[in-house]
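> Handing you this structure, nothing more for now.
The values are calculated or read from the model by the stated rules, or taken from the named source; none is laboratory data. The shown structure was predicted, so the numbers you read here are calculated from the model rather than taken from an experiment. As a convention, Cβ positions derive from the backbone with ideal geometry for all residues, glycine included, and neighbour counts pool all protein chains shown. Each accessible area value is taken on the protein alone, full model and side chains, heavy atoms only, with ligands, DNA and RNA left out. Shrake-Rupley method; radii C 1.70, N 1.55, O 1.52, S 1.80 Å.
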Amino acid sequence: MTERVLVIGAGIGGLCTALALASPERELILLERDPSPPTGDADEAFADWARRGVGHLRHSHAFLARLRLILRDEHPRLLADLLEAGARDLGFEQMLSDELKRGYRPQPEDRDFVVLTSRRTTLELVIRRYVERLANVEIRSEVFVTGLKIAPGAPPRVIGVTIENGEDILGDLVVDAAGRTTASIEQLVEAGAAITEESETAGILYFTRHYRLNPGMTEPPRGRAPGTGDLGFLKYGVFPADNGWFSITMCVPEIELEMRKAIVSPETFNGICEQIPGLVPWTDPARAQGVSRVFGMGDLHSRWRDMTRGGAATVLGYFPLGDSLVRTNPLYGRGCSFAAISAYALRDSLGQTPDPAARLLAYQDRINTSLKPYYQDMLNQDRQAIRLARNTLSPGHRPKLKARLMKRFLEDGVAVAIRSDVGLLRAALRGFHMLEHPSAWLKRPANILRVLGYWARGKKANAAAYPPKLGPGRHEMLTALGLSPQLDIDRLAAA
């Protein structure tokens, strides 16, 4: 028997679903609201591909090691296609400081700590062309799903979808990879599905500009001033991409209204770059030129949906994944990895049993195990960042003793240790790349003792492990940009 699977959306989540589920026993139909990509190369896709359904299409992207390993092990030809198209492998050795490189001895596991980086349009273009060549997989473009076809019951069962022209398309399963704007969950709740949801703001807005290296120029060497950092009132990062491109993303707290309004100007964006030592070598006009407008993205929320309640399935025949199921702050770069992990969790759950309810229970259990620790970790970091942003706008604020001690431990202990000890860096990267629980490495007695050892040495002995000053303070930066440092302070005080 052939199982017919309808997939709503052919973005990264939908494409990963096809990679995971494609088999002789299944027919997959991906229903994509947006047009097909241009027939040309990666630059044409970046310039011309219209994707109304993907608000973050032209923001910075990278695949963490967990996702790259899935591609390497499950679809090596696809990984080769991505590299041939210009996508970049950034390996472990490239992450090492000059101090760590001097005593570095490669280990087999270092080959796993690789980030695959590229423009999102390039990644999606290459993956889509690969998926289109898979047997029993069809992508239908410019097909807008307006709702689910639901058979009533307890729980309700999804038996297909309705598209914009009124046609019903029936299937054995529906996978919802429509993203954060999916309307399917609301429809299911109205039909009696007891789906639970938690959501809270990420507290930031996201801004990205793309640059291209001038002819004959190469990327700057990685110096002591890092290309990523957190100034408290602004986070920033450089993302090397394909074919001589790179992007810079800046994250501004929601309450920094003056910065939010101004940063959409390319002149202001570049003015910020000129004040941050780690960005200056990248944006030097002799090396690279800004080639895009500043893309903004707001309404950033973390959201977790649970498709089960009390050990029972809330719906049958329906599986959300990607942002339709779990949404996170894009600052952490885990959205694509979450989608891919969910797709393979779905594959394993479908293969475990033919029973519809048992399939959903198995799927949710795998999602809880594989993703919840990282979701909670990111949620905690967002909450801390929101508090820091408010405190920055509160003159005279003095953190409590516990907060001061934790700050010292993280900055003078943990951060120094992983910049000084390649073994601890490996341990920390396992959590960063989603290869183990995000805090597992710091719970191992041997690791915590080594961290405490570096902390006990003091700043003078650890001087080489501290980066130079990341950038100016808030007052200095806003003044240099011609913005008032006081308006948002007054606004917060009045509120």
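> Roughly how far apart, in whole Å, are the Cα centres of segment 355-402 and segment 200-219?
Each part's Cα centre sits 25 Å from the other's.
> Considering all projection directions equally, how large on average is the shadow of the alpha-carbon convex hull of segment 1-95, in square nanometres?
7.6
> Over all alpha-carbon pairs in the chain, figure out the percentage whose distance exceeds 34 Å.
39
> Still on this structure, I have one more. Quickly work out the H397-to-R287 label distance, labels modelled 7 Å from Cα along the C-beta direction, and quote it in nm with one decimal.
With each label placed 7 Å out from Cα toward Cβ, I get 3.3 nm.
> Next question. For segment 443-495, which trypsin sites (Lys or Arg not before Pro) are both in a DSSP coil and crowded by at most 15 other Cβ atoms within 10 Å?
The qualifying sites are K459, K460, K469.
> Okay, moving on. Explain nothing, just the number: relative contact order of segment 1-152, from Cα pairs under 8 Å at least 6 residues apart, as a whole percent.
So the answer I get is 36 percent.
> Follow-up question, since we're still on this one. If one computes the Cα centroid of segment 1-69 and of segment 73-128, what distance in Å separates the two points?
Between the Cα centre of segment 1-69 and that of segment 73-128, the gap is 21 Å.
> Karplus couplings for segment 23-38 from phi (6.51 cos²θ - 1.76 cosθ + 1.60, θ = phi - 60°), rounded to Hz, Gly and Pro as x?
6, x, 8, 10, 10, 10, 10, 9, 9, 10, 5, 8, x, 5, x, x
> Work out the FRET efficiency for L257 and M95 from their Cβ-Cβ distance, taking R0 = 45 Å, and round it to the nearest 0.05.
0.80
> Give me a comma-separated list of calculated 3J(HN,Hα) values for segment 306-323, in order, Karplus coefficients 6.51, -1.76, 1.60 applied at θ = phi - 60°, integers in Hz, x for any Gly or Pro.
In residue order, the calculated couplings are 10, 8, 10, 8, x, x, 10, 6, 8, 7, 10, x, 9, 9, x, 8, x, 5 Hz.
> Another question about this same structure. So for segment 317-443, averaging the separation of alpha carbon pairs under 8 Å that are six or more residues apart and normalising by length, what relative contact order in percent results?
Across segment 317-443, relative contact order equals 17 percent.
> If the viscosity is 0.692 mPa s and the temperature 37 °C, what translational diffusion coefficient in µm²/s does Stokes-Einstein give for segment 205-287 when Rh comes from Kirkwood over Cα pairs?
Reported coefficient: 248 µm²/s.
> Grab the other residues whose beta carbon is less than 15 angstrom from that of E32, score K and R as +1, D and E as -1, and report the net.
Surrounding charge for E32 is -1.
> Can you put H61, H475, H56 in order of accessible area, largest first, using a 1.4 Å probe?
If we order H61, H475, H56 from most to least accessible, we get H475, H56, H61.
> Rounded to the nearest 20 debye, what is the charge dipole size of the chain about its Cα centre when +1 sits on each Lys and Arg Cβ and -1 on each Asp and Glu Cβ?
Magnitude of the dipole: close to 2280 debye.
> Roughly how far apart, in whole Å, are the Cα centres of segment 406-478 and segment 254-317?
25
> I want to check the label-to-label distance for E167 and A358. Put each point 7 Å from Cα in the C-beta direction and report it in nm to one decimal.
About 3.6 nm, to one decimal.
> Going toward the positive end of the dipole of the chain, with +1 on Lys and Arg Cβ and -1 on Asp and Glu Cβ, which of P106, A343, G317 do you reach last?
P106
> With each label point set 7 Å from Cα along the Cα-Cβ vector, what nm distance links T201 and D365?
Taking the simple label geometry, T201 and D365 are separated by 3.9 nm.
> Would you mind checking segment 208-230 for residues with the amide N under 17 Å from a putative spin-label position 7 Å along Cα→C-beta of R102?
223-225, by backbone N distance to the label point.
> Can you list the residues, at least 5 places off or on another chain, whose amide H is less than 5 Å from the amide H of Y318, using H built in the peptide plane?
Amide H to amide H, under 5 Å and 5 or more residues apart or across chains, Y318 pairs with V158, V174.
> With +1 on the Cβ of every Lys and Arg and -1 on the Cβ of every Asp and Glu, and nothing else charged, how large is the dipole of segment 1-93 about its Cα centre, in debye rounded to the nearest 20?
For segment 1-93, the charge dipole is close to 360 debye.
> How large is the charge dipole for segment 359-413, taken about the Cα centre, if only the Cβ atoms of Lys, Arg (+1) and Asp, Glu (-1) carry charge, to the nearest 20 debye?
Its charge dipole is roughly 280 debye.
> OK, next. Lys and Arg at +1, Asp and Glu at -1: add these up for the other residues within a Cβ distance under 15 Å of E167 and post the number.
Within the 15 Å Cβ shell, the charges total 0.
> Here is a follow-up. Ranked from the most accessible area to the least, with a 1.4 Å probe and all protein chains present, what is the order of L388, L100?
Sorted by accessible area, descending: L388, L100.
> Kindly report, to the nearest 10 Å², the accessible surface of I12 as traced by a 1.4 Å probe over protein heavy atoms only.
Approximately 10 Å² of I12 is accessible to the 1.4 Å probe.
> Quick one: length gained pulling I448 to A494 fully straight, 0.36 nm per residue minus the C-alpha distance?
12.2 nm
> Quick one: what are the phi-derived ³J(HN,Hα) couplings along segment 366-380, Karplus 6.51/-1.76/1.60 with θ = phi - 60°, whole Hz, x for glycine and proline?
Once rounded to whole Hz, the list reads 5, 4, 4, 6, 7, 10, 4, x, 6, 4, 5, 4, 5, 4, 5.
> With angles folded into 0 to 90 degrees, how steeply does helix 335-352 sit against the dominant principal axis of the chain? Use alpha carbons for both and round to 10.
So the helix axis and the longest Cα principal axis differ by about 40 degrees.
> Counting Lys +1, Arg +1, Asp -1, Glu -1, what net charge surrounds E267 among other residues with beta carbon under 15 Å of its beta carbon?
So the environment of E267 carries a net charge of +2.
> Please tell me the relative contact order of the chain in percent, rounded to the nearest whole number, where contacts are Cα pairs under 8 Å and at least six residues apart.
Worked out over the chain, it gives 18 percent.
> Taking +1 at the Cβ of each Lys and Arg and -1 at the Cβ of each Asp and Glu, which of I276, I489, P395 sits farthest along the dipole of the chain towards its positive end, judged by Cα position relative to the Cα centre?
Value: P395.
> Work out the FRET efficiency for R77 and E109 from their Cβ-Cβ distance, taking R0 = 25 Å, and round it to the nearest 0.05.
0.55
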